[in-house]
Amino acid sequence: MNKNDLEESLKLAREGDEESEQELFKNLTARFLLFARRKVREESDAGEIVQEAVMAIAKEYRSTEFTSGFIPWAYRVFENRLLTFYRNRQRQVKKLEKISAEAMRTESAVYRIEPELKIRLSDCLKKIIAVNPRYARILNLHHQGFDTDEIRGRMDLTSTNLYSILSRARSLLEHCLKTGDIK
């Protein structure tokens with residue numbers, strides 16, 4: 001569809017012709033998608049940007065007076081949606097970088113355990129294994145980052161049973177670290 005056809009579809013659409021309106025937005029969508037695919041890596045992101053732009057245009061095109069014409073105005077709306085997408089993406093990347101940096105600091109602090117504490121922890125875990133190997137297994141899974149649903153599935157436990165065992169195992173470990181004994 002050329003520029004004159006678009007302008008004619010616009011005129012008829014503004015007058016209420018639904019078929020012309022559908023044709024107008026079908027063509028805009030196709031044009032915007034071609035452009036968005038070249039600018040955005042993910043097809044789903046390109047489609048979302050185009051959809052937002054077309055929805056904004058559909059909401060405003062009947063009541064807007066175009067100083068330089070409908071097509072330039074529509075492209076400005078689309079470009080603004082594209083810029084918003086990039087700004088949001090940059091914010092997300094900055095947040096992820098910040099979270100990652102914090103996690104690295106925390107992780108390095110966690111793994112700098114004093115040698116004496118490591119020995120006491122190892123001794124206590126051995127004592128807990130001797131009392132009940134399940135306790136040690138659940139503590140180990142929890143330490144590795146598995147959530148309670150995953151641990152329940154691996155250990156074939158009910159939620160109540162898991163929380164009870166986890167609480168008891170933590171208490172034993174805490175008591176052992178303080179006193180050196182699990183009784």
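The values are calculated or read from the model by the stated rules, or taken from the named source; none is laboratory data. Here the structure is a predicted model, which is why all the values come from computation and not from measurement. Positions of Cβ are generated from backbone atoms using ideal geometry, with glycine treated the same way; all protein chains shown enter the neighbour counts.
Assorted remarks:
- Count of residues meeting criterion [under 30 Å from Arg87 (Cβ atoms) and touching a helix residue (DSSP H, G or I) at 6+ places or on another chain (Cβ under 9 Å)] in the stretch 1-29: 7
- Selected residue [part of a helix (DSSP H, G or I), within 35 Å of the chain's Cα centre (by Cα) and surrounded by 10 or more Cβ atoms within 10 Å (Cβ to Cβ)] from Ala130, Ala169: Ala169
- Flag for Thr160 being surrounded by fewer than 10 Cβ atoms within 10 Å (Cβ to Cβ) and assigned to a helix (DSSP H, G or I): yes
- Filter result for Arg87 (in a helix (DSSP H, G or I) and in the same structural domain as Ala30 (by TED's automatic domain parsing)): yes
- Taken over the stretch 36-62, the criterion of being of a type in the set (Val, Ile, Thr), in a helix (DSSP H, G or I) and under 22 Å from the mean Cα position of the chain (by Cα) is satisfied by Ile49, Val50.
- Members of the stretch 136-157 found to be in a helix (DSSP H, G or I), among the polar types (S, T, N, Q) and within 21 Å of Arg120 (Cβ to Cβ), listed by number: Asn140
- Single unsatisfied condition, Arg134 versus (1) charged (D, E, K, R); (2) assigned by TED's automatic domain parsing to the domain that holds Val40; (3) more than 30 Å from Val40 (Cα to Cα): (2)
- Close pairs from the stretch 135-153: first crowded, with 17+ Cβ neighbours inside 10 Å, partner among the charged types (D, E, K, R), Cβ under 7 Å, at least 6 apart: Tyr135/Arg168; Leu141/Arg154
- Looking only at residues of the stretch 26-44 that are hydrophobic (A, V, I, L, M, F, W, C) and surrounded by 15 or more Cβ atoms within 10 Å (Cβ to Cβ), we find that the one that is farthest from Met55 (Cα to Cα) is Val40.
- Lone unmet requirement of (1) surrounded by 15 or more Cβ atoms within 10 Å (Cβ to Cβ); (2) modelled with pLDDT of 85 or more for Ile182: (2)
- Screening Ile71 with (1) surrounded by 11 or more Cβ atoms within 10 Å (Cβ to Cβ); (2) closer than 24 Å to Arg41 by Cα; (3) among the hydrophobic types (A, V, I, L, M, F, W, C); (4) at pLDDT below 90 gives one miss only, at (2).
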